1. Give the stretch 141-161 a look and list any residue that's open to solvent by 60 Å² or more (accessible area, probe 1.4 Å) and not polar (S, T, N, Q), or say none.
2. Is it true that Phe64 is within 19 Å of Leu14 (Cα to Cα), of a type outside the set (Val, Ile, Thr) and in contact (Cβ under 8 Å) with a residue 60 or more places away in the chain?
3. Could you tell me which numbered condition Lys132 fails, if it satisfies all but one of (1) charged (D, E, K, R); (2) in contact (Cβ under 8 Å) with a residue 40 or more places away in the chain; (3) assigned to a helix (DSSP H, G or I)?
4. Leu78: open to solvent by less than 20 Å² (accessible area, probe 1.4 Å), of a type in the set (A, V, I, L, M), over 23 Å from Gly139 (Cβ atoms) and in a strand (DSSP E or B), yes or no?
5. Looking at Tyr101, is it open to solvent by 20 Å² or more (accessible area, probe 1.4 Å), under 26 Å from Gly37 (Cα atoms) and part of a strand (DSSP E or B)?
6. Scan the stretch 54-61 and tell me whether some residue there is modelled with pLDDT of 95 or more, outside any loop (DSSP other than H, G, I, E, B) and out of contact with any Leu (no Cβ under 9 Å at 6 or more places or on another chain).
7. Looking only at the stretch 53-62, decide whether some residue is out of contact with any Asp or Glu (no Cβ under 7 Å at 6 or more places or on another chain) and under 19 Å from Asn99 (Cβ atoms).
8. Considering the stretch 41-75 alone, what residues qualify as being surrounded by fewer than 17 Cβ atoms within 10 Å (Cβ to Cβ) and in contact with a helix residue (DSSP H, G or I) (Cβ under 7 Å, 6 or more places away or on another chain)?
Amino acid sequence: MTEPRLVPQHWLDLPFGEVLQAEIEAALAPWWPRIFGYHLLKVGALSSQINTMNCSIARHYSSFKGQDANIQADPHYLPLQQHVIDAVISCFLLEFEQNPYQILREFDRVLINSGYIFIVGFNPVSPVFAGKILPKYQGQLPWSGQFFMPSRVKDWLGLLGYQVLADERLMHHSLLGPVSRQPEQHPWWQKSLANWLPGTGSVYVIVARKLTVPLTPIRDKSKISAPNWATAPTAGRSGLSKR
């Protein structure tokens, strides 16, 4: 019998959770004035605690299994109608669920055409993967979860018909030692990673938009039939008659 997987319920459940939350909120802040609509859905306990007060969308809802959620539900099966949500936020959710692709499919089901998805996760190609190697940390958060490559998440979104608008990396740190909020106080190796290998940030932030299928299908030019040219009638010439 497998043990239940640890799932973070508060940002303080993660190492340096307050710093992580501040970095993620700063990365998402420029997007809030750019999206519009009526309903914003925050899926997962950590997502519900993200500050979205400056978002142009009118109503914000949280959905997770806790009692403090506006909608208490399993993220694999959201009790919502199709095409009613304008934007979805998912922070460190896919790492701790059994079927992450099913969750993305559920996001797609409830999103309107041209809706937005904001996905935040841990990047395995980064210093934070050190906790996966060390036995001391393998059973602790966040290393007890499954880290997915950002490219794999983008492939899933592509299969569902989404266009990736942004793919950013944050926190070039292993989360195993002291973390400073001030960039000038970061150690030299952290500054070097950020400058020379920006893709090795421990946290990825992916922003994608649902593509709208045109109502009128575009005809393939190669299948347009050519005009039917009739052959020219014969001049009625007949052979010479025998005398």
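1. Once the filter is applied, which keeps residues that are open to solvent by 60 Å² or more (accessible area, probe 1.4 Å) and not polar (S, T, N, Q), the stretch 141-161 yields Met149, Arg152, Lys154, Asp155, Leu159.
2. Judged against the criteria, Phe64 is not a match.
3. Condition (2) is where Lys132 drops out.
4. No; evaluated as a whole, the condition is false for this residue.
5. It is false that Tyr101 is open to solvent by 20 Å² or more (accessible area, probe 1.4 Å), under 26 Å from Gly37 (Cα atoms) and part of a strand (DSSP E or B).
6. So far as the stretch 54-61 goes, no, none of its residues is modelled with pLDDT of 95 or more, outside any loop (DSSP other than H, G, I, E, B) and out of contact with any Leu (no Cβ under 9 Å at 6 or more places or on another chain).
7. The answer is no; no qualifying residue exists.
8. Those that are surrounded by fewer than 17 Cβ atoms within 10 Å (Cβ to Cβ) and in contact with a helix residue (DSSP H, G or I) (Cβ under 7 Å, 6 or more places away or on another chain): Asn51, Asn54, Ser56, Gly66.
The values are calculated or read from the model by the stated rules, or taken from the named source; none is laboratory data. Computed from a predicted structure; not experimentally measured. Methodologically, a virtual Cβ is constructed for each residue, glycine included, from the backbone with ideal geometry; neighbour enumeration extends over all protein chains shown. Remember, those area values only see protein heavy atoms, side chains included, never the ligands or the DNA or RNA. Shrake-Rupley method; radii C 1.70, N 1.55, O 1.52, S 1.80 Å.
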